[in-house]
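To keep things clear, I will list the structure first and then write my remarks on it.
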Amino acid sequence: MHDFDAACTPQAKRLAIDRTTHAFHYSLYAQPDLPTRPAGVNLIEGKLTDVVQFLDELSGIENPPAIQQTDAERRAHFTAFPHPASCLLPPAFPLVAICVRTRINEINDLIAAECEQLTGGRPDAEGVAMCRTVEHIHRAAYVRTGLRRIAQAPTFADLLDGLHQTALDLDDFRVDTLYLSGRFPMARQEAAVLVADALPYRANVAAPRHRLLLVAQRRTFWLGEILAEASQSYAPHLGKPHHVSSSLEARIARALVNLVAPPARTLIDPCCGAGSILLEAAALGLTAYGADRNPKMAHMAQRNLLYFAYPPRVVCADARVWAQTADALVTDVPYGRQLESAEEDLPAILANGARLAPLAVYVAGSDITSQLAAAGYGDIEVLRLVKPNGFTRYVHRARVTET
Ligand SMILES: C[S@@+](CC[C@H](N)C(=O)[O-])C[C@H]1O[C@@H](n2cnc3c(N)ncnc32)[C@H](O)[C@@H]1O
């Protein structure tokens, strides 16, 4: 209410209303048919649909496209995501994703790109992203947790003070800790106990309904409720029965598929080798097709897919002329020693790929941006994968811009 009074322009008033609407949604979305608890500083009481309509009328003007899009995404999120029963008043950026951090920086580009694709937020140097959604985090290779931020403060003492004043419903909680950077001079267990003591709710370590995470960053301390976690469903594929020295690691292959899906539902890998990319795509429910011109490799990919009970949609075919189309192409083109025999094939492989799928991810041993452009691709993004031994691979994500 105060924000609304203080707002001087129609846009500022609309934002104040929008924030109130969000607070209201978050307070009640688990129980849409009940009268509201006081939300937006006791502004309105009523049923969800009535209050939303009232707020729309109050704004008196049609929302601009950006707000309409946010609303649509939020509606999809509420429908798709199993939500906790808590009544949380959200801070300005309620959803946060936390990415894994590697000791060496070899895959940071890929981690950031996967996080942005799956959550809508790009991680900072500590691997933390303010995001739009956490609903896809279960499929991630390198994004590990999605949270709703409950409280935040510049020091741990301020955070504890703030927690004393919270008016949320967090009975049956458990607190874990994550120290992201800097030296926080307190044992994790001790910090978790202090947070638990500061919260005016009942703890339940053995069977928590609310899993809270204390996150210590270089300049901030915050407490979030865990809403989503990566399932690591790529991990069983580490044990695939057939592989060769050029096979991609399952986790990297998973991240590559996540660069295009969602939205892609069908995927092709025209140089599929032992099928690492096809396995990840199949595990995520995509319809995945593979080809390799070496019959031994095509059979390996088939057997690997069958081993995990995925449909073995693999043929022995030449990527320069293969005709299978899909929403997206993800492949690891021949390079290094293989490239010596196949280097002259690359332009034809790319040109045919551009005919088969509008969106593509190509892994190569060098930057092939100019060849991609010559094949009709645009919007080319290059991510570097530096292996500990210094060998660098280049991941190119590109869209077909010429037909
Ligand atoms: C880098 S490997 C792919 C490895 C694969 N991603 C894996 O994880 O096992 C490249 C593959 O491309 C295949 N290849 C080379 N030229 C090809 C062509 N013109 N058409 C189809 N496959 C080709 C090779 O037989 C090889 O299996």
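The values are calculated or read from the model by the stated rules, or taken from the named source; none is laboratory data. Please read these numbers as outputs of a predicted model, since none were measured by experiment. Every residue, glycine among them, receives a Cβ derived from its backbone with ideal geometry; neighbour counts consider all protein chains shown.
For this structure, a couple of remarks:
- Qualifying residue in region 324-344 (condition: within 9 Å of the ligand (Cβ to nearest atom) and either over 26 Å from ALA374 (Cβ atoms) or not assigned by TED's automatic domain parsing to the domain that holds LYS240 (or both)): no
- Residues that are near the ligand (Cβ under 9 Å from one of its atoms) and either touching a Cys at 6+ places or on another chain (Cβ under 7 Å) or in contact (Cβ under 8 Å) with a residue 12 or more places away in the chain (or both), drawn from region 294-303: ASN294, MET297, ALA298, MET300, ALA301
- Residue match in region 223-234 (condition: within 16 Å of the ligand (Cβ to nearest atom) and within 27 Å of the chain's Cα centre (by Cα)): yes
- Residue in region 171-189 that is over 30 Å from TYR362 (Cβ atoms), surrounded by fewer than 20 Cβ atoms within 10 Å (Cβ to Cβ) and touching a Pro at 6+ places or on another chain (Cβ under 7 Å) present: yes
- The condition (being in a loop (DSSP other than H, G, I, E, B) and in contact with a strand residue (DSSP E or B) (Cβ under 8 Å, 6 or more places away or on another chain)) is satisfied by just one residue among ARG144, ARG149, ARG132, ARG183: ARG132.
- Which listed residue is under 22 Å from the mean Cα position of the chain (by Cα), more than 30 Å from LEU199 (Cβ to Cβ) and near the ligand (Cβ under 9 Å from one of its atoms), from ALA253, ALA281, ALA291: ALA253
- Residue match in region 318-336 (condition: free of Cβ contacts under 8 Å to residues at least 40 places away in the same chain, touching a strand residue (DSSP E or B) at 6+ places or on another chain (Cβ under 9 Å) and hydrophobic (A, V, I, L, M, F, W, C)): no
- Taking (1) within 24 Å of MET130 (Cα to Cα); (2) of a type in the set (Lys, Arg); (3) more than 27 Å from the chain's Cα centre (by Cα) in turn, ARG219 satisfies each apart from (3).
- Candidates ALA323, ALA360, ALA348, filtered to the one that is surrounded by 22 or more Cβ atoms within 10 Å (Cβ to Cβ) and among the small types (Gly, Ala, Ser): ALA360
- Members of region 257-277 that are more than 9 Å from the ligand (Cβ to nearest atom) and not hydroxyl-bearing (Ser, Thr, Tyr): VAL257, ASN258, LEU259, VAL260, ALA261, PRO262, PRO263, ALA264, ARG265, LEU267, ILE268
- Test: GLU126 is in the same structural domain as GLN217 (by TED's automatic domain parsing), among the acidic types (Asp, Glu) and in contact (Cβ under 8 Å) with a residue 12 or more places away in the chain: yes
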